[in-house]
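The values are calculated or read from the model by the stated rules, or taken from the named source; none is laboratory data. None of these values were measured; they are calculated from a predicted model. Positions of Cβ are backbone-derived with ideal geometry, glycine not excepted, and every protein chain shown enters the neighbour counts. Only protein heavy atoms, including side chains, enter the accessible area calculation; ligands, DNA and RNA are left aside. Shrake-Rupley method; radii C 1.70, N 1.55, O 1.52, S 1.80 Å.
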Amino acid sequence: MDMHTVVVGTSGTTAEDVVAVARHGARVELSAAAVEALAAARLIVDALAAKPEPVYGVSTGFGALASRHISPELRAQLQRNIVRSHAAGMGPRVEREVVRALMFLRLKTVASGHTGVRPEVAQTMADLLNAGITPVVHEYGSLGCSGDLAPLSHCALTLMGEGDAEGPDGTVRPADELLAAHGITPVELREKEGLALLNGTDGMLGMLVMALADLKNLYTSADITAALSLEALLGTDKVLAPELHAIRPHPGQGVSADNMLRVLAGSGLTGHHQDDAPRVQDAYSVRCAPQVNGAGRDTLDHAAVVAGRELASSVDNPVVLPDGRVESNGNFHGAPVAYVLDFLAIVAADLGSICERRTDRLLDKNRSHGLPPFLADDAGVDSGLMIAQYTQAALVSEMKRLAVPASADSIPSSAMQEDHVSMGWSAARKLRTAVDNLARIVAVELYAATRAVEIRAAQGLTPAPASQAAVAALRAAGAEGPGPDRFLAPDLAAADTFVREGRLVAAVEPVTGPLA
């Protein structure tokens, strides 16, 4: 467990801090400035609560019930009730890292001093994270507007000592038992605090941040596998020349071409056509790899800009402004995050598609330029990687279904008060599945390409030093090389883990230098 400390201030957080807390168990502390801002904003809320005039979220009902003025003696009950009633999720549990990201990002907004939450509530949120207590959050319940209401409500329920949560040992227990075991006092919510804990894009944003971290690794890995496939197919690396990409200056395209060129440096395979009619040009899946991979990279960069803006935001309704006003707004709407989540699912599907096309080409004796059918040891007796490509194709097909945008849909809710919603949570959930599938798809191409490169080496051609490093590292990771048919699933699983953990990139970088 990574025990470095992330300090939460008033001006947002970074993607790196989100990943550190969500995935690696980094401790969380509130800065002195955050505690001061929390206390100052709370004074404003308390003053408004004492006035006879109704103020939304402070002394009124919520959503379509905002017209009712709530008397002081009922306000604590109001805050408890909104949490209990909104904790209405259903379906499977959401992953621990997603819930931790959601909790941390809600704390980030609370610490900004724009929500009116007391310092002790924020400190309890930090205490839960540091104790490794993870609320049980369910798959369904968020429309992405007003933010991720049901998921955040399940987290707020744990703060109150109600509902169920997972302890650091992975056991699910009643929340009050877990809090007591860690010396944490449940929170008794006051005016506005229940609402402030629920109104945010924190779940979809957390999943976006983690998807970006995973996709960065997968795009670099896909550049490497594309280079290995090009090499195994005896393709030409001339299409990777910098001067060709300079005249179509999309940044990601140039980066991907450079990565591929560095992986292929010193190869004895590129350009060795073994056909009666030598190729003038390679197939699109080989020749256009930098264009496809690069366009995806540019989409990642755009999504990272959106994530950065959201990480610097205070998303709540109403908000406490520096001049003392408490104003309603629409900043909780998830559209900016939902759109880029859907964009990423689209480019991930296309990257998976082009990877699969190269794999299929490696296995087809009519298009592989001298490789054995299905890369089999004794074709006919052996089936080689025939069904590995089936598996990859099934994954690609699902990726295409997952690329259908969630953000194009909207179902009105709350008696037509919330009559246009973002569906950003749904976009994030399907992107997580897409990212998992993409890692598997890249792994199958890697497994096929490394086998093909080894077969070329046995034919007397010398692979690039970086290719040799990739092959050696993958074999050491448990994915075996060419030979008679064997139980293939463990090899593919080893390749998947190898790619997912960033070990493919780590294997070639000592040869190529750092890849982008």
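So, of the residues in segment 19-29 that are touching a strand residue (DSSP E or B) at 6+ places or on another chain (Cβ under 9 Å) and of a type outside the set (Gly, Ala, Ser), which turns out to be surrounded by the most Cβ atoms within 10 Å (Cβ to Cβ)?
Going residue by residue through segment 19-29, those that are touching a strand residue (DSSP E or B) at 6+ places or on another chain (Cβ under 9 Å) are 20-21, 26-29.
Filter once more, so that each one left must be of a type outside the set (Gly, Ala, Ser): 21, 27-29.
On the way: Val21: 28, Arg27: 16, Val28: 25, Glu29: 14.
Applying the filter and picking the extreme gives Val21.
Just wondering, is there one or more residues in segment 329-343 that are open to solvent by 60 Å² or more (accessible area, probe 1.4 Å) and modelled with pLDDT under 95? Give the steps one after another, and end with the answer.
Step one: filter segment 329-343 for residues open to solvent by 60 Å² or more (accessible area, probe 1.4 Å), giving 331, 336, 339, 343.
So of that shortlist, the ones also modelled with pLDDT under 95 come out as 331.
Within segment 329-343 (the criterion being open to solvent by 60 Å² or more (accessible area, probe 1.4 Å) and modelled with pLDDT under 95), the answer is yes, since at least one residue qualifies.
Within segment 144-182, can you find the residues that are surrounded by 15 or more Cβ atoms within 10 Å (Cβ to Cβ) and hydroxyl-bearing (Ser, Thr, Tyr)?
Answer for segment 144-182, where residues must be surrounded by 15 or more Cβ atoms within 10 Å (Cβ to Cβ) and hydroxyl-bearing (Ser, Thr, Tyr): Ser146, Ser153, Thr158.
Based on what the data block shows, is Ala265 closer than 21 Å to Ala470 by Cα, among the small types (Gly, Ala, Ser) and open to solvent by 10 Å² or more (accessible area, probe 1.4 Å)? It would help to see each step written out before you state the result.
On the way: closer than 21 Å to Ala470 by Cα: yes; among the small types (Gly, Ala, Ser): yes; open to solvent by 10 Å² or more (accessible area, probe 1.4 Å): yes.
Taking the combined requirement at face value, the residue satisfies it.
Before we move on, is Leu197 more than 11 Å from the chain's Cα centre (by Cα), over 30 Å from Ser267 (Cα atoms) and of a type in the set (A, V, I, L, M)?
Values: more than 11 Å from the chain's Cα centre (by Cα): yes; over 30 Å from Ser267 (Cα atoms): yes; of a type in the set (A, V, I, L, M): yes.
Answer is yes for this residue.
Which count do you get for residues in segment 182-217 that are modelled with pLDDT under 95 and among the small types (Gly, Ala, Ser)?
Total meeting the criteria: 3.
Which one is most open to solvent (accessible area, probe 1.4 Å) among residues in segment 318-328 that are touching a helix residue (DSSP H, G or I) at 6+ places or on another chain (Cβ under 8 Å) and not small (Gly, Ala, Ser)?
First pass over segment 318-328, keeping only residues touching a helix residue (DSSP H, G or I) at 6+ places or on another chain (Cβ under 8 Å): 320, 324, 326.
In the following step, the residues that additionally are not small (Gly, Ala, Ser) were identified as 320, 326.
Working: Val320: 4, Val326: 27 Å².
Among those that are touching a helix residue (DSSP H, G or I) at 6+ places or on another chain (Cβ under 8 Å) and not small (Gly, Ala, Ser), it is Val326.
Return the only residue of Leu321, Leu351, Leu344, Leu311 being touching a residue at least 60 places away in the same chain (Cβ under 8 Å) and over 29 Å from Leu149 (Cβ atoms).
Details: Leu321 fails: over 29 Å from Leu149 (Cβ atoms); Leu344 fails: over 29 Å from Leu149 (Cβ atoms); Leu311 fails: over 29 Å from Leu149 (Cβ atoms).
Selected residue: Leu351, the only one of Leu321, Leu351, Leu344, Leu311 that is touching a residue at least 60 places away in the same chain (Cβ under 8 Å) and over 29 Å from Leu149 (Cβ atoms).
What are the residues in segment 80-97 that are among the hydrophobic types (A, V, I, L, M, F, W, C) and surrounded by 18 or more Cβ atoms within 10 Å (Cβ to Cβ), if any?
First, the residues of segment 80-97 that are among the hydrophobic types (A, V, I, L, M, F, W, C): 82-83, 87-88, 90, 94.
Those that are among the hydrophobic types (A, V, I, L, M, F, W, C) and surrounded by 18 or more Cβ atoms within 10 Å (Cβ to Cβ): Ile82, Val83, Ala87, Val94.
Answer with yes or no whether Ala211 is among the hydrophobic types (A, V, I, L, M, F, W, C) and farther than 22 Å from Ile441 by Cα. Don't jump to the end; show me each part of the working.
Working: among the hydrophobic types (A, V, I, L, M, F, W, C): yes; farther than 22 Å from Ile441 by Cα: no.
For Ala211, the condition - among the hydrophobic types (A, V, I, L, M, F, W, C) and farther than 22 Å from Ile441 by Cα - is not met.
If you go through segment 98-139 one residue at a time, how many are surrounded by fewer than 18 Cβ atoms within 10 Å (Cβ to Cβ) and under 22 Å from Trp425 (Cα atoms)?
2
Answer with yes or no whether Glu327 is among the acidic types (Asp, Glu), within 20 Å of the chain's Cα centre (by Cα) and closer than 28 Å to Gln417 by Cα. Spell out how you get there, then give the answer.
Values: among the acidic types (Asp, Glu): yes; within 20 Å of the chain's Cα centre (by Cα): no; closer than 28 Å to Gln417 by Cα: yes.
Spelling it out, it is not the case that Glu327 is among the acidic types (Asp, Glu), within 20 Å of the chain's Cα centre (by Cα) and closer than 28 Å to Gln417 by Cα.
Take segment 183-193 and flag every residue that is open to solvent by 80 Å² or more (accessible area, probe 1.4 Å) and either among the basic types (Lys, Arg) or within 31 Å of the chain's Cα centre (by Cα) (or both). Show your work before the answer.
Going through segment 183-193, the residues open to solvent by 80 Å² or more (accessible area, probe 1.4 Å) turn out to be 185, 188, 190.
Answer for segment 183-193, where residues must be open to solvent by 80 Å² or more (accessible area, probe 1.4 Å) and either among the basic types (Lys, Arg) or within 31 Å of the chain's Cα centre (by Cα) (or both): just Arg190.
Just one of (1) small (Gly, Ala, Ser); (2) under 30 Å from Glu480 (Cα atoms); (3) open to solvent by less than 50 Å² (accessible area, probe 1.4 Å); (4) part of a helix (DSSP H, G or I) trips up Ala394, so point out which.
That leaves (3) as the condition not met.
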